[in-house]
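Report on the following structure.
The values are calculated or read from the model by the stated rules, or taken from the named source; none is laboratory data. The model shown is predicted, which means the values in this text are computed figures rather than measured ones. Heads up, the Cβs are rebuilt from the backbone with ideal geometry, glycines too, and the neighbour counts pull from every protein chain shown. Areas reflect the complete protein model, heavy atoms only, side chains present, ligands, DNA and RNA absent. Shrake-Rupley method; radii C 1.70, N 1.55, O 1.52, S 1.80 Å.
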Amino acid sequence: MTRGENRNRERNRNRDEDDDDNATAQRTPSWSTVPTGRAPGDNGPADGADEVAPVAVPADELVEIAARVLATAGSPEPAARAVGSSLVESDLVGHDSHGVRRLVPYVDAVHSGMIDPSADPVLRRRHRATAVVDGRRGFGQLAARLAVTEARQLADEYGVGVVTIGNCNHIGRLGEYVQLLAEAGMVGLAFCNINPTVAPYGGRERRLGTNPFAWSAPRAEGRPPVVVDFATSAIAEGKLALSLARRERVGTGLLVDADGRGSTDPHDFYTGGALLPFGQHKGYGLSVMIEIVGGLLSGAGVSSLPGYDNTNGTVLVAVDIGTFLPVAEFRTRSEGFCRLLGDTAPAVDGDPGPDGVLVPGEKEALTRAARISDGVPLAPSTWRELAELPGGPELPGTSVPHPRSRAEGAAPSSQEDRR
């Protein structure tokens with residue numbers, strides 16, 4: 001029996017032993033951004049935001065830190081830099097839940113044997129307009145990048161490309177991969193299932209993953225593509241963990257405690273509660289389809305049933321626009337619609353913010369520009385956690401260089417090959 005088979009058998013045996021605990025969800029999610037070595041309650045109940053100012057770190061400095069941490073954990077330098085750049089890109093566009101704070105659970109997963117830091121993904125097979133990528137239990141970002149490449153090539157040849165990813169650890173921010181397809185003049189679609197943390201509509205036990213969904217389409221050349229990227233839960237677990245770290249409460253309708261009562265305290269989720277689906281039955285229905293299609297086509301399995309392998313069961317779709325109409329015409333008409341949306345008068349009782357009505361993807365582009373200039377703001381607790389990792393910053397609270405400009409070596413843009 002191979003080491004991988006032994007590891008899977010041990011993981012399945014541990015999961016079977018935990019079945020009773022799973023009934024009341026008394027364990028921290030496998031990909032939780034709350035460090036597994038710390039009890040979820042260590043932060044105390046959410047009773048107000050942390051008054052300590054965030055640490056602003058230049059993007060290129062943060063890439064170096066992330067790459068060094070991953071290399072110290074056993075990843076080859078090119079792979080460590082690719083994964084680190086992906087995490088920092090999430091921070092740059094404002095999705096801090098999928099940024100460098102993920103390094104803590106990633107290193108934990110390496111130590112537990114869940115992630116093989118030296119594994120490279122491989123293409124297992126192609127059949128007509130489809131392909132199967134095997135992540136080989138390495139970093140999910142590497143498998144997703146290979147899937148993007150395959151999907152593009154298939155779409156060029158057949159008009160559409162569908163790629164599944166199996167044996168795939170945490171994939172990071174789905175929007176990154178569909179954005180790459182949109183920047184190449186294609187429509188991109190992606191979804192994946194993940195370990196159960198969400199109660200079905202009308203229930204209180206964990207039966208579904210947060211099961212993210214992403215969709216993209218190009219606009220005019222030089223404009224950020226339209227990118228929709230969201231969890232099918234009312235709040236992503238990573239964002240809940242951020243609120244926990246900041247000692248903030250969250251809105252109503254996002255989670256229930258262990259007794260099934262509505263709660264605004266993130267701590268209640270980590271002590272046996274569950275997230276809720278967004279949009280009640282609508283988000284629930286979408287999540288069910290992602291569980292079935294993403295989990296089964298990828299080979300990962302349905303997350304709440306026996307046989308689930310605790311990975312991200314991912315499906316990625318690329319559509320060649322030119323198969324249906326000229327790409328230039330699509331871009332022109334897409335851009336016209338986006339401009340019409342941006343010119344919409346605000347609702348009387350609404351608060352669109354200083355930028356008015358935004359098209360999906362524009363907020364991320366604005367945030368990225370600001371953070372390239374001013375640095376990536378990290379909560380002091382996140383900075384301390386990074387400092388505790390082998391290869392991390394030297395000391396908690398260590399001062400960092402003043403943010404440098406893009407010309408002086410900030411993190412590469414999503415249009416560049418960050419690998």
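Annotations
- Those residues of the range 216-268 which are at pLDDT below 95, assigned to a loop (DSSP other than H, G, I, E, B) and farther than 27 Å from Gly285 by Cα, in sequence order: Gly222, Arg246, Arg247, Glu248
- Taking residues in the range 256-282 that are within 13 Å of Gly203 (Cβ to Cβ), and partners anywhere that are charged (D, E, K, R), the pairs with Cβ atoms closer than 7 Å and at least 6 places apart or on different chains are Val256/Arg204; Gly260/Arg204; Gly273/Asp257; Ala274/Arg204; Ala274/Glu205; Ala274/Arg206; Leu275/Glu237.
- Check on Gly294, open to solvent by 20 Å² or more (accessible area, probe 1.4 Å) and not hydrophobic (A, V, I, L, M, F, W, C): no
- Pair list, Cβ < 8 Å and 6+ apart or interchain, from the range 133-145 residues that are basic (Lys, Arg) to residues that are surrounded by fewer than 24 Cβ atoms within 10 Å (Cβ to Cβ) and in a helix (DSSP H, G or I): Arg137/Gly4; Arg145/Ala82
- Matching residues, the range 200-215, being at negative phi and either open to solvent by 50 Å² or more (accessible area, probe 1.4 Å) or not in a strand (DSSP E or B) (or both): Pro200, Tyr201, Gly203, Arg204, Glu205, Arg206, Arg207, Gly209, Thr210, Pro212, Trp215
- Condition check for Ala345: touching a residue at least 24 places away in the same chain (Cβ under 8 Å), small (Gly, Ala, Ser) and not in a helix (DSSP H, G or I): no
- Pair list, Cβ under 7 Å, 6 or more apart: the range 217-234 residue surrounded by 24 or more Cβ atoms within 10 Å (Cβ to Cβ), other residue part of a loop (DSSP other than H, G, I, E, B) and of a type in the set (Ser, Thr, Tyr): Ala231/Thr210; Thr232/Thr210; Ser233/Thr210
Matching residues to (1) over 30 Å from Ser334 (Cβ atoms); (2) touching a Ser or Thr at 6+ places or on another chain (Cβ under 6 Å):
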| residue | (1), (2) |
| --- | --- |
| Ala241 | yes, yes |
| Tyr284 | yes, no |
| Ser287 | no, yes |
| Ile292 | yes, no |
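- The residue list Val302, Val319 contains one member that is modelled with pLDDT of 95 or more, surrounded by 18 or more Cβ atoms within 10 Å (Cβ to Cβ) and more than 20 Å from the chain's Cα centre (by Cα), which is Val319.
- In the range 109-139, the residues that are of a type in the set (Gly, Ala, Ser) and either in contact with a strand residue (DSSP E or B) (Cβ under 8 Å, 6 or more places away or on another chain) or within 14 Å of Ala318 (Cβ to Cβ) (or both): Ala129, Ala131, Gly135
- Any pair with Cβ under 8 angstrom, 6 or more apart, that starts in the range 185-199 at a residue that is in contact (Cβ under 8 Å) with a residue 24 or more places away in the chain and ends at one that is among the charged types (D, E, K, R) and part of a strand (DSSP E or B): Met186/Asp320
- Filter result (touching a strand residue (DSSP E or B) at 6+ places or on another chain (Cβ under 8 Å) and either open to solvent by 10 Å² or more (accessible area, probe 1.4 Å) or not in a helix (DSSP H, G or I) (or both)) within the range 269-291: Gly273, Ala274, Leu275, Leu276, Pro277, Phe278, Tyr284, Leu286, Val288
- Only residues that are open to solvent by 30 Å² or more (accessible area, probe 1.4 Å) and modelled with pLDDT of 95 or more were counted in the range 367-387, giving 8.
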